[in-house]
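Read the structure below first, then the notes.
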Amino acid sequence: MQTAHDALSQTFAALADPTRRAILARLAEGEASVTELAEPFEISQPAVSKHLKVLENAGLISRGREAQWRPCKLEPKALQGVDHWLDRYRRLWEERFDRLADYLAELQAAEAASAQSAPEKARKTKKAARKRKKST
Amino acid sequence: MSPQVSHGTFVIDRVFHACPAHVFSAWASADAKAKWFNGPDGWELLERKLDFRPGGEERAVGRFPSGAVSKFHSRFYDIVPDTRIIYAYDMYVSDTKISVSLSTVDFRNENGGTRMIYTEQMAILDPQGSLASREEGTVWLFGNLEAALAAQTQK
């Protein structure tokens with residue numbers, strides 16, 4: 001049995017390609033044939049068909065069964081479900097906490113630097129104070 | 001017809017090389033929070049407000065590249081300096097409410113660093129239904145997936 005995580009990995013792998021994401025964006029507007037999908041891209045129809053196969057295997061799209069005109073349709077189910085929602089929120093927060101870690105590291109570095117240059121700063125402050133006195 | 005609600009919880013456990021006071025202040029100060037509390041890549045901030053006290057509110061409004069607008073609106077319920085923050089928030093995408101959550105952030109001193117445990121208990125509104133069939137819902141999902149992919153490739 002495929003676990004939720006495996007299904008998600010497959011979804012991510014399918015979405016890792018910009019052409020496939022563009023195809024999905026196009027299908028969000030409605031059904032389309034392979035010819036229609038190939039139009040905006042500088043790639044051959046067989047290449048588009050390959051991309052469609054990956055998307056189909058990931059459950060992101062489905063294709064009609066009519067022999068000639070097999071319209072492609074977005075299958076939002078693969079992008080739904082409680083587990084996927086939780087996973088998405090979790091990843092969004094993970095990304096935020098990555099940034100938080102970066103920010104804290106910067107903060108530590110800045111503090112270390114200012115502790116080092118404190119005597120120098122103190123001299124500068126005194127100098128500035130003397131200047132202010134003179135000018136008044 | 002009333003929408004179907006589902007519930008879920010997730011926990012993120014992180015250790016930072018900074019003291020609890022520093023990590024806590026990254027949540028408490030508006031300037032510090034703005035450095036890391038943002039939407040996915042390409043999300044443009046439109047409005048931000050932080051009133052960090054029990055009963056105080058926080059707002060973060062932004063726009064995805066698609067044009068869909070997300071709204072985060074939260075209220076703080078419990079604040080113990082350097083120790084704990086509890087708040088509740090709702091999320092809107094283009095005027096559709098998609099979730100209501102209770103978040104607990106727990107800070108613990110650990111060998112001079114800080115162990116931060118973030119627990120979010122969510123009520124997900126209509127996860128299988130109308131939202132996903134709506135354009136903004138799909139756009140929101142793609143936005144999040146792209147962020148997730150970006151995070152994955154960084155690792």
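Every number in this text was worked out from the coordinates using simple rules, so none of it is lab data. Note that the structure is predicted; figures quoted are calculated from it, not measured. Cβ coordinates were reconstructed from backbone atoms using ideal geometry, including for glycine residues, and neighbour counts include every protein chain displayed.
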Original post:
Peptide B:22-28: average number of partner chain Cβ atoms within 10 Å per residue?
Top reply: 3
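So, counting K/R as plus one and D/E as minus one, what does the shell of residues with Cβ under 12 Å around B:Leu46 add up to? Before the final figure, lay out the partial values.
Values: positive: B:Arg48, B:Lys49, B:Arg59, B:Arg63, B:Lys71; negative: B:Glu44, B:Glu47.
Here the charged neighbours net out to +3.
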**OP:** Grab the other residues whose beta carbon is less than 14 angstrom from that of A:Tyr103, score K and R as +1, D and E as -1, and report the net.
**Re:** -1
**OP:** First select every other residue whose beta carbon is under 15 angstrom from the beta carbon of A:Ser44; then total the charges, Lys and Arg +1, Asp and Glu -1.
**Re:** -1
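To the nearest whole number, what is the average tally of beta carbon atoms from other chains within 10 Å of the beta carbons of peptide A:102-109? Write out the running numbers ahead of the final one.
Values: counts 2, 10, 13, 3, 1, 7, 5, 0.
That average works out to 5.
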**OP:** Filter the cross-link list B:Lys71/B:Lys97; A:Lys73/B:Lys71; B:Lys33/B:Lys71; A:Lys50/A:Lys73 down to pairs whose alpha-carbon distance in this structure exceeds 19 Å.
**Re:** A:Lys73/B:Lys71
